[in-house]
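Below is one structure, written out as structure tokens; the observations come after it.
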Amino acid sequence: LVNLSVNHFRNIAQHMHVITTSNRPMLQARATNTDYKSLTQTILANGLLDYYLREKRLEHYLKRAVEFAIVMGAGWVKMAWNATSGEAIDFNDELQTEIFEGDVEFSNLSPLDVVVDTYKENTDFDWVICRSYKNRYDLAAKYPEIEKEILAVRTKSDLERYNFGMISVSDKTDEVPVYEFYHKRTESMPEGRYIMYLSEDAVLEDVALPYRSIPVFRMSPSDILGTPFGYTAMFDILPIQAA
């Protein structure tokens with residue numbers, strides 16, 4: 001009888017992650033046309049790609065998505081435009097608000113934070129719903145017209161029933177779940193749709209899709225055939241590790 005349990009599962013997953021991410025992602029812009037202006041734009045595009053990989057930590061988010069994919073079957077990277085980031089460059093006299101530079105932001109999502117049509121037989125999704133967490137007081141400052149509704153939303157600590165052992169039941173947080181609904185441009189919805197909301201009463205944004213496509217990208221080692229779900233070899237090791 002062997003009474004000593006060794007976590008080989010994590011060790012194997014770490015080896016797979018290191019092997020997969022040992023080479024840095026090499027993204028390179030290519031010009032569709034051969035004219036001088038297009039070729040010049042590729043130089044700027046390659047500089048931007050390198051800047052976001054290094055300074056904006058896009059490479060870190062890609063590696064974290066790989067880790068999610070190895071362990072949970074799929075990992076997601078959400079790319080969004082934050083209009084209030086950066087330095088103030090102008091002032092809107094009509095709304096009495098500052099206009100900021102704005103910038104692209106990245107975040108990771110696990111399969112537990114992404115809702116898709118589970119009856120799809122591939123990953124060509126018409127719509128995607130994402131869940132992330134943000135400070136409710138920051139949201140109330142950004143959307144003062146519905147401050148009361150935002151502050152009435154239950155926080156993450158009020159919603160979570162199960163916590164890690166290191167978290168005390170008396171711990172509280174000001175973060176609330178933020179849901180984002182993306183619908184791509186289709187025949188029935190030619191302009192697409194984007195809704196950001198906290199609850200039925202706290203809708204922060206409801207506009208046409210402001211992106212060319214849904215800015216949520218999935219990474220998976222493999223797929224379960226005929227479903228939109230990812231598959232990883234770590235699923236095969238789970239029963240062995242449990243035994």
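Among the listed residues 180, 175, 149, identify the single one that is modelled with pLDDT of 90 or more, more than 22 Å from the chain's Cα centre (by Cα) and surrounded by 11 or more Cβ atoms within 10 Å (Cβ to Cβ). Reasoning before the result, please.
Numbers: 180 fails: more than 22 Å from the chain's Cα centre (by Cα); 175 fails: more than 22 Å from the chain's Cα centre (by Cα).
149 is the lone residue from the list that is modelled with pLDDT of 90 or more, more than 22 Å from the chain's Cα centre (by Cα) and surrounded by 11 or more Cβ atoms within 10 Å (Cβ to Cβ).
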For residue 139, are the conditions met, namely being open to solvent by 30 Å² or more (accessible area, probe 1.4 Å), farther than 18 Å from residue 184 by Cα and either among the polar types (S, T, N, Q) or out of contact with any Phe, Trp or Tyr (no Cβ under 6 Å at 6 or more places or on another chain) (or both)? no
Conditions (1) at pLDDT below 95; (2) within 17 Å of residue 220 (Cα to Cα); (3) in contact with a strand residue (DSSP E or B) (Cβ under 9 Å, 6 or more places away or on another chain); (4) not polar (S, T, N, Q) -> residue 120 fails only (3)
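How many residues are over 17 Å from residue 51 (Cα atoms) and in contact with a strand residue (DSSP E or B) (Cβ under 7 Å, 6 or more places away or on another chain) if we restrict to region 92-109? Explain how you work it out, then say what you get.
Going residue by residue through region 92-109, those that are over 17 Å from residue 51 (Cα atoms) are 92-100, 108-109.
Then drop every residue that is not in contact with a strand residue (DSSP E or B) (Cβ under 7 Å, 6 or more places away or on another chain), which leaves 92, 98-100, 108-109.
Residues that pass the stated criteria total 6.
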Pull up region 1-25, narrow it to residues that are among the hydrophobic types (A, V, I, L, M, F, W, C) and open to solvent by less than 100 Å² (accessible area, probe 1.4 Å), then point me to the one that is farthest from residue 57 (Cα to Cα). 6
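Can you say whether residue 105 is assigned to a strand (DSSP E or B), touching a residue at least 12 places away in the same chain (Cβ under 8 Å), within 29 Å of residue 21 (Cα to Cα) and of a type in the set (Asp, Glu), as far as the supplied structure shows?
Details: assigned to a strand (DSSP E or B): yes; touching a residue at least 12 places away in the same chain (Cβ under 8 Å): yes; within 29 Å of residue 21 (Cα to Cα): yes; of a type in the set (Asp, Glu): yes.
Spelling it out, residue 105 is indeed assigned to a strand (DSSP E or B), touching a residue at least 12 places away in the same chain (Cβ under 8 Å), within 29 Å of residue 21 (Cα to Cα) and of a type in the set (Asp, Glu).
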When the residues of region 72-105 are narrowed to those that are out of contact with any Gly (no Cβ under 9 Å at 6 or more places or on another chain) and at pLDDT 95 or above, which ends up nearest to residue 12 (Cα to Cα)? 76
Does region 106-115 contain any residue that is exposed (fewer than 13 other Cβ atoms within 10 Å of the Cβ), at pLDDT 90 or above and closer than 30 Å to residue 188 by Cα? yes
Would you tally the residues in region 64-98 being farther than 16 Å from residue 109 by Cβ and under 16 Å from the mean Cα position of the chain (by Cα)? 2
Failed condition for residue 69, given (1) assigned to a strand (DSSP E or B); (2) touching a Pro at 6+ places or on another chain (Cβ under 6 Å); (3) not basic (Lys, Arg): (1)
Close pairs (6 angstrom Cβ cut-off, 6 or more residues apart or separate chains): under 30 Å from residue 63 (Cβ atoms) in region 26-37, loosely packed, with under 10 Cβ neighbours inside 10 Å and at pLDDT 90 or above anywhere: none
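The values are calculated or read from the model by the stated rules, or taken from the named source; none is laboratory data. Note that the coordinates shown come from a computational prediction; the quantities given were computed from them, not determined experimentally. As a convention, Cβ positions derive from the backbone with ideal geometry for all residues, glycine included, and neighbour counts pool all protein chains shown. SASA here: full protein model, heavy atoms, side chains in, ligands and nucleic acids out. Shrake-Rupley method; radii C 1.70, N 1.55, O 1.52, S 1.80 Å.
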